[in-house]
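Novice: Before anything else, here's the structure in question.
The values are calculated or read from the model by the stated rules, or taken from the named source; none is laboratory data. These numbers come from a predicted model, not from an experiment. For neighbour counting, all protein chains shown are included, and Cβ atoms are generated from backbone atoms with ideal geometry for every residue, glycine included.
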Amino acid sequence: MTQSARLYVCFAGGRTGAWQVERISALMGPALPAVHRVAVRDAQTLPVSAGYAWLLQGVTSYERYVQRRERSALDECQPALGRPEATCAALIPIRKAAAWWELTQDERRTIFEERSHHITTGLQYLPAIARRLYHGRDLGEPFDFLTWFEFAPSSAGLFQELVGKLRETEEWAYVEREIDIRLVRKE
């Protein structure tokens, strides 16, 4: 991904935004303050003085653990974000332990896919669930990753199944903070 193709995003929790919060659950580590709404904006255009309880920023980046055949499979069935029927969403900020970052790139890839089957598992839920990963670690943010998912209400069970499978993997042993924010689009 080129520098110009990067997408900077800010998830702003407060009283305004197109996404109404159904629940915020701290699965590991401290919680985020409770809010009623989440606005999703380009991080470079969000007014800082808007009075949000929290701001989580990230940027798209190159896909660190994906091989060419996996990229092709994802491209074939990955739906776009913003589909009209996808009125449910989940924002799951994650921070991994220092032990994860001390591993080499190939060691992380082995855990991520060869043993935890993260990509293979995710492919089983496309195109019902659209997703995008934002990186916050290099921006100095409190979370390494901001994972954003969108799906139709009829796919809510599938989404729960997907995250349940991922949370049972070896990869998740390296997660030290995880917040699960469930949302419904209410414009």
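Novice: Would you call ARG71 among the basic types (Lys, Arg) and at pLDDT below 95? Lay out the reasoning, then the answer.
Specialist: Working: among the basic types (Lys, Arg): yes; at pLDDT below 95: yes.
In short, yes.
Novice: Something else: Among the strands (runs of 3 or more DSSP E) contained in segment 1-67, which hold 2 or more residues that are modelled with pLDDT under 95? So that I can check it myself, show each step before the final result.
Specialist: Numbers: elements: 8-14, 19-28, 37-42, 54-59.
Answer list for segment 1-67: 8-14, 37-42, 54-59.
Novice: Given (1) farther than 23 Å from PRO84 by Cα; (2) hydrophobic (A, V, I, L, M, F, W, C); (3) free of Cβ contacts under 8 Å to residues at least 60 places away in the same chain, identify the lone condition not met by TRP100.
Specialist: Only one criterion is unmet by TRP100, namely (3).
To keep it simple, each residue is scored yes or no on (1) touching a Leu at 6+ places or on another chain (Cβ under 9 Å); (2) surrounded by fewer than 16 Cβ atoms within 10 Å (Cβ to Cβ).
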{"residue": "GLU85", "(1), (2)": "no, yes"}
{"residue": "PRO93", "(1), (2)": "yes, no"}
{"residue": "HIS135", "(1), (2)": "yes, no"}
{"residue": "ASP138", "(1), (2)": "no, yes"}
{"residue": "VAL163", "(1), (2)": "no, no"}
{"residue": "GLU170", "(1), (2)": "no, yes"}
{"residue": "GLU178", "(1), (2)": "yes, no"}
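Novice: Check segment 148-166 and report whether any residue there is at pLDDT below 95 and of a type outside the set (A, V, I, L, M). Working first, answer last.
Specialist: Pass one, segment 148-166, residues at pLDDT below 95: none.
Among the residues of segment 148-166, not one is at pLDDT below 95 and of a type outside the set (A, V, I, L, M), which makes the answer no.
Novice: How many of the residues making up segment 80-107 are part of a helix (DSSP H, G or I) and small (Gly, Ala, Ser)?
Specialist: Looking only at that region, the number is 2.
Novice: Cβ-Cβ under 6 Å, sequence separation 6+ or interchain: first residue in segment 113-127 and assigned to a loop (DSSP other than H, G, I, E, B), partner of a type outside the set (Lys, Arg) and buried (at least 18 other Cβ atoms within 10 Å of the Cβ). Which pairs?
Specialist: If the second residue must be of a type outside the set (Lys, Arg) and buried (at least 18 other Cβ atoms within 10 Å of the Cβ), the pairs left are SER116/GLU171; TYR125/LEU162.
Novice: Also: Being within 15 Å of the chain's Cα centre (by Cα), within 18 Å of LEU81 (Cα to Cα) and part of a helix (DSSP H, G or I) is the filter here, so list the residues in segment 128-161 that pass it. Working first, answer last.
Specialist: Within segment 128-161, the first condition is being within 15 Å of the chain's Cα centre (by Cα), and the residues that meet it are 129-137, 141-151, 159-160.
Retained after the next criterion (residues that are within 18 Å of LEU81 (Cα to Cα)): 129-135, 145-151, 159.
Matches in segment 128-161: PHE159 only.
Novice: When you look at GLN124, is it at pLDDT below 90 and among the polar types (S, T, N, Q), yes or no? If you could, list the steps in order and put the result at the bottom.
Specialist: Details: at pLDDT below 90: no; among the polar types (S, T, N, Q): yes.
Answer is no for this residue.
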